[in-house]
Each structure stands twice: as C-alpha cells, then as structure tokens.
C-alpha cells in the first residue's frame, strides 16, 4: 500500500526512530511501512493518522479508491 | 495477553531474560561442581538437571511474552522467526533420525536440538532484519 508517511515525517524533521518512539513501535516497523513492505493494522493506521492530524485515507492509498467510487 | 507496545514489551523482556540467563550460567557451573556421575546420588543429579532447565524455560517464556506484547510488526517478524526455527529443527531432527536408523550416523545427544533451535531462531531474526520482511 502506498503512503506518504515519509513525507509527513520529514516535514516535521523527525527521524524514523523518533516517529517509532511516538507511535511506540520499533524503528523497523516505521521503515517497513514507509517502504510499503508492511501494511499497518487499522489501530496503528489510526494512531499514525491521529499523530499527523490527518485522515487515514490522506496518508494511505490502496489504489482502489477510484475503482470503488465508479462502481 | 494484551499488547503493551514496543518499549514496555522490550523492558519487560530484558527484565526477565537476562536474570534467567545469569541463573542459567550459574546453574551450569554449580551443577558441574556438584555432579559426579559415579558418586553423586541420582536424585541430586535429577534436581540439578531440572534446576538448570528452569531458567531456560523462563527465558523461553520471556521470548513468548515479548512476542505477544510487542508492536504488530515486531510480533509478525518474531512469529515468523520462531516458526522458521521450528521448521529447521524439525527437518534436522528427521534427517539426523534417519541417518541414525540407516546406520550412517552414531548417537547424537538430544540436548543439542535445544541450542540448535535458538541458533536457528537467531539466524532467522537476522535474515528478516536484512532481507524481505513479513
């Protein structure tokens, strides 16, 4: 799943370790999410959205949005 | 068991794992000093074996507890490493077993399958850290 986590993180000048600290996850978790190797669960996605003050769909894009809207 | 987050789970893991390892090392030396196969009574030898195994059980409990309490990604990687280690040791057990049955290999101490599991677990953890993840 594509996401803009890295952009949001660098905008705030946080390292992966700092973001991991704020979310109480490992730095590897942040790296895996940023690189799209791992899709977070709904609770973690909500925690990320809350931290950045955005909606989940503003941060994560599963590429299905357009298809579903036209169905 | 509830998820506590990466930091708390790690703290709780270290608080249990390292004392268990220290007790394990101490028990090995104590048992080595206490046990003489020819003269030590059987019950003392049995107590030494159980007492040396107890901290190993404690450290395995620490690993399993950390796995269930840590963050979801770390848990998934840990579960994968535990499963891979189990699969590797199961394969090794069959191989060694058949090599023994067909007379290729002599007696191998069952003890070594325990350390082999931890070695396989460690290698699997390293692999998931370096390569493709969950």
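Give me the extension gain from residue A:64 to residue A:7: residue separation times 0.36 nm, minus the current Cα-Cα distance, reported in nm with one decimal.
My answer for the length gained is 18.4 nm.
Which peptide among A:38-44, B:6-12 comes first, and what is the full order, when sorted by highest mean count of other Cβ atoms within 10 Å?
Result, highest mean Cβ count within 10 Å first: B:6-12, A:38-44.
Could you tell me how far the Cα centroid of chain A sits from the Cα centroid of region B:57-134, in Å?
Here the answer is 32 Å between Cα centres.
Between residue B:80 and residue B:49, what's the calculated FRET efficiency when r is the beta-carbon distance and R0 is 41 Å? Round to 0.05.
Computed FRET efficiency for residue B:80 and residue B:49 comes out at 0.80.
Please label the shape of chain B as rounded, prolate or oblate, based on the square roots a ≥ b ≥ c of the eigenvalues of the alpha-carbon gyration tensor (a/c under 1.5 means rounded; beyond that, a/b larger than b/c means prolate, else oblate).
It is oblate, given that a/c is not under 1.5 and a/b is not larger than b/c.
Which number comes out as Rg/Rh for chain A once both Rg and the Kirkwood Rh are worked out on C-alpha atoms?
The Rg/Rh ratio comes out at 0.99.
Please compute the average number of Cβ atoms from other chains found within 10 Å of each residue's Cβ in peptide A:28-37.
Taking the mean over all residues of the peptide, I get 3.
Which value in Å does the Kirkwood hydrodynamic radius of region B:1-70 take, with 1/r averaged over all unlike C-alpha pairs and then inverted?
Mean inverse Cα-Cα distance, inverted, gives 13.4 Å.
Mind checking which of B:41, B:115, B:19 has the largest fluctuation in a GNM of chain B, springs on alpha carbons under 10 Å?
Largest GNM mean-square fluctuation: B:41.
Computed over the Cα atoms, what is the radius of gyration of region B:38-98 divided by 2.2 N^0.38 Å, N being its residue count?
Compactness ratio reported: 1.62.
Would you report the distance distribution of C-alpha pairs in the protein assembly as shown as whole percents per 5 angstrom bin, up to the bin with the largest distance?
Binned Cα distances yield the sequence 1, 6, 11, 13, 13, 12, 11, 9, 7, 5, 4, 3, 2, 1, 0, 0, 0.
Using a basic spin-label model with each label point 7 Å from the Cα along Cα→Cβ, how many nm lie between residue B:57 and residue B:94?
That separation, rounded to one decimal, is 3.0 nm.
Rule-based calculations on the coordinates, nothing more; no lab input. The model shown is predicted, which means the values in this text are computed figures rather than measured ones. Glycine also receives a Cβ, built like all others from the backbone with ideal geometry; neighbour counts cover every protein chain displayed.
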